[in-house]
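Visitor: Here's a structure for you.
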Amino acid sequence: MLQPCQPRRKSFVRRRQLRDPNVLSSDPLRLRPSERDQLFTRKITQRRHTQDETTSDRAPPNQPSPVTQPALTITLREPRECLQKGLSQDALGSQVHVTGSQIGHYETGRSLPPDDLAVNLDRVLGTGDELRQLAEQARGEAVAPWMRPWKLNESRAVQLRWFEHSLIPGLLQTEAYAREVISAGTHTEVQIEEMTRERLERQTAALERVNPYPVPLTAIIGEAALRVGPSALMKDQLEHLVDIGHRQTVHVRVLPFSAGLHPGLAGAFVLATLPDGGTAAYIDDQMAGRVCETADKLRHLVLAWEMICARALPCNQSRDLILRVIDEHERAGVAHVHP
């Protein structure tokens, strides 16, 4: 017996899916392109309506909205699955120069895309400026937008490689040195205390971590950083460097003046190896730091690190140099007290 109505039944199901918000296709790829677009638009409208209701009691100004990050993950995942005809995470990652696993982290809310990457995702997925705005909101205002994702990377890292040409790295600073460095800027007293407290918390989260273990840190420090600052302050800071350098997970190396010109003169940076094997980088400058996760920038920084590493002193010779500079600061302090 023939069943000529069967194709019409499928069309009816499609029409019903598009009309009835409670009937959604379990596989958007079976819908026609125009129907996928309509389905995606309706789901985004529903999500925005839910956000409006949920955010009626908004979080305090310094706290990220509790729905922002889930909204970001949905806005990233649905265009990839619906509008882009089932574009895989790897394929999307290749278009914006990150790994597919990193796209997965953004879609599950494990990390947030930096601003420049969010702009590229908006461009590829055709979401206007929505992803960038949601990523910025998710970072919140309690911590500078460029630091919140880096703090997460720093605390989750399985290895950190840190280069500083003129300052002691933040994770190795004493409280007095950190406060002095921050005070040298244009910050208010309240900001200085808050930033100093935050820096000490980052040290604890990374170097005192017990699960699974403290972050292994290799720090290469320009010789100039050992010599700039009040003698008493620098003596205590360098003694702290020697002490913490005896830990199995902390390796302190010095790049001496004799190394000459090198790539590190262009600026300080940090490389973090993440649990999934990926790498993220943090670059600091006068105005604001920024997180780099694009493949071309990471290749440049990894190569710069290798070239700096080749010129730096081994740990034992670095320790000897630090001890000599401590003696110089001690003699300078005595001479200052007894002219």
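Visitor: Which condition does Leu172 not pass, out of (1) touching a residue at least 12 places away in the same chain (Cβ under 8 Å); (2) more than 20 Å from Asp284 (Cβ to Cβ); (3) of a type in the set (A, V, I, L, M), if it passes all the others?
Guide: The one condition Leu172 does not meet is (2).
Visitor: Confirm whether Arg299 is surrounded by 15 or more Cβ atoms within 10 Å (Cβ to Cβ) and either in contact with a helix residue (DSSP H, G or I) (Cβ under 8 Å, 6 or more places away or on another chain) or over 12 Å from Phe163 (Cα atoms) (or both). Write out each step before concluding.
Guide: On the way: surrounded by 15 or more Cβ atoms within 10 Å (Cβ to Cβ): no; either in contact with a helix residue (DSSP H, G or I) (Cβ under 8 Å, 6 or more places away or on another chain) or over 12 Å from Phe163 (Cα atoms) (or both): yes.
Here the answer is no, as Arg299 does not meet what is asked.
Visitor: Now for a separate question. Would you confirm whether or not region 308-315 contains a residue that is loosely packed, with under 14 Cβ neighbours inside 10 Å, under 25 Å from Ala118 (Cβ atoms) and out of contact with any Leu (no Cβ under 8 Å at 6 or more places or on another chain)?
Guide: So the first thing to find is which residues in region 308-315 are loosely packed, with under 14 Cβ neighbours inside 10 Å, and the list is 310, 314.
Then drop every residue that is not under 25 Å from Ala118 (Cβ atoms), which leaves none.
Checked against the condition, which is being loosely packed, with under 14 Cβ neighbours inside 10 Å, under 25 Å from Ala118 (Cβ atoms) and out of contact with any Leu (no Cβ under 8 Å at 6 or more places or on another chain), region 308-315 yields no hits at all.
Visitor: Also, I was wondering about something else. Checking the condition surrounded by 15 or more Cβ atoms within 10 Å (Cβ to Cβ), modelled with pLDDT under 85, of a type in the set (A, V, I, L, M, F, W, C) and assigned by TED's automatic domain parsing to the domain that holds Leu76, which residue from Leu117, Leu92, Leu112, Leu121 passes? Can you show your working first?
Guide: Working: Leu117 fails: modelled with pLDDT under 85; Leu92 fails: modelled with pLDDT under 85; Leu121 fails: modelled with pLDDT under 85.
Answer to the check: Leu112.
Visitor: Any idea which of Thr188, Thr218 is out of contact with any helix residue (DSSP H, G or I) (no Cβ under 9 Å at 6 or more places or on another chain) and in the same structural domain as Ser155 (by TED's automatic domain parsing)? Please lay out each step first, then the result.
Guide: On the way: Thr218 fails: out of contact with any helix residue (DSSP H, G or I) (no Cβ under 9 Å at 6 or more places or on another chain).
Just one listed residue meets the conditions, Thr188.
Visitor: Out of all the residues in region 230-239, is one or more surrounded by 20 or more Cβ atoms within 10 Å (Cβ to Cβ), of a type in the set (A, V, I, L, M, F, W, C) and free of Cβ contacts under 8 Å to residues at least 40 places away in the same chain? Steps first, answer last, please.
Guide: Narrowing region 230-239 to residues surrounded by 20 or more Cβ atoms within 10 Å (Cβ to Cβ): 234, 237-238.
Then drop every residue that is not of a type in the set (A, V, I, L, M, F, W, C), which leaves 234, 238.
Filter once more, so that each one left must be free of Cβ contacts under 8 Å to residues at least 40 places away in the same chain: none.
Checked against the condition, which is being surrounded by 20 or more Cβ atoms within 10 Å (Cβ to Cβ), of a type in the set (A, V, I, L, M, F, W, C) and free of Cβ contacts under 8 Å to residues at least 40 places away in the same chain, region 230-239 yields no hits at all.
Visitor: Within region 203-239, track down each residue that is in contact with a strand residue (DSSP E or B) (Cβ under 6 Å, 6 or more places away or on another chain) and more than 22 Å from Ile326 (Cα to Cα).
Guide: Val215, Pro216, Leu217
Visitor: I'd like to check which helices (runs of 4 or more DSSP H) are fully inside region 156-232 and have at least 1 residues that are under 20 Å from Glu330 (Cα atoms) and among the acidic types (Asp, Glu). Before the answer, list the steps.
Guide: Numbers: elements: 175-183, 189-207, 223-227.
Correct list: 175-183, 223-227.
Visitor: Okay, next question. Name the pairs: first residue in region 292-314 and modelled with pLDDT under 95, second residue among the charged types (D, E, K, R), Cβ to Cβ under 8 Å, at least 6 apart or on different chains?
Guide: Thr294/Asp116
The values are calculated or read from the model by the stated rules, or taken from the named source; none is laboratory data. Owing to the predicted nature of the structure, the values given are computational and were not obtained by experimental measurement. Methodologically, a virtual Cβ is constructed for each residue, glycine included, from the backbone with ideal geometry; neighbour enumeration extends over all protein chains shown.
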